[in-house]
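The values are calculated or read from the model by the stated rules, or taken from the named source; none is laboratory data. If you're wondering where the values come from, they're calculated on a predicted model, not measured in any experiment. Cβ: placed from backbone, ideal geometry, glycine included. Neighbour counts: every protein chain shown. Calculation scope for accessible area: heavy atoms of the full protein, side chains included, ligands and nucleic acids excluded. Shrake-Rupley method; radii C 1.70, N 1.55, O 1.52, S 1.80 Å.
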Amino acid sequence: MSIVYLFFKPNFPLFRHKHDVDSLYFVLSGSAVDFMGAETLRPGDCFAVPAGTPYYYTAGPEGVEVLEMLRDAETVTVIYTENPDGRLEEAQAAVRENADA
């Protein structure tokens with residue numbers, strides 16, 4: 001198992017993508033809003049994403065820290081898929097707003 005620490009600044013929209021391995025996520029702090037268009041995940045929440053399943057979320061107003069655990073993976077392929085309209089513009093705005101942070 002591989003474990004990756006991820007931190008996204010406030011309101012950064014993660015682009016829709018999928019991996020070639022199963023993954024499990026644990027929210028350490030902050031929140032992940034609009035998870036797959038519906039849920040908000042908070043510290044202590046976990047979510048699993050089977051290999052080949054596209055997903056995305058947006059970091060909450062305080063950002064989000066997550067542990068990404070990848071099963072049986074020495075390498076992982078990230079495949080970007082179609083994103084909701086305006087996702088790139090949202091990412092650009094979040095980068096501008098968090099530039100000083």
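Here are a few things to note about the model shown:
- Ordering 39, 65 by accessible surface, largest first, gives 39, 65; the 1.4 Å probe counts only protein heavy atoms, with every chain in place.
- Calculated FRET value between residue 95 and residue 45, using beta carbons and R₀ = 22 Å, to 0.05: 0.30
- Taking amide H positions as modeled 1.01 Å from N, with prolines and chain starts lacking one, the residues under 5 Å from residue 22 and 5 or more places away or on another chain are 51, 71.
- For the range 9-101, relative contact order (Cα pairs under 8 Å, six or more residues apart, normalised by length) works out to 42 percent.
- Helical runs (DSSP H, four residues minimum) scored at -39500 (n - 2.57) apiece and divided by the length of the chain put the mean residue ellipticity at 222 nm at -3500 deg cm²/dmol.
- Backbone phi angles across the range 10-24, fed through the Karplus curve with coefficients 6.51, -1.76 and 1.60 (θ = phi - 60°), yield HN-Hα couplings of x, 6, 6, x, 5, 6, 5, 7, 9, 10, 8, 9, 5, 9, 10 Hz in residue order; Gly and Pro are listed as x.
- Given (i) 37; (ii) 41; (iii) 50, the label whose value is percent of Cα pairs over 19 Å apart derived from this model: (ii)
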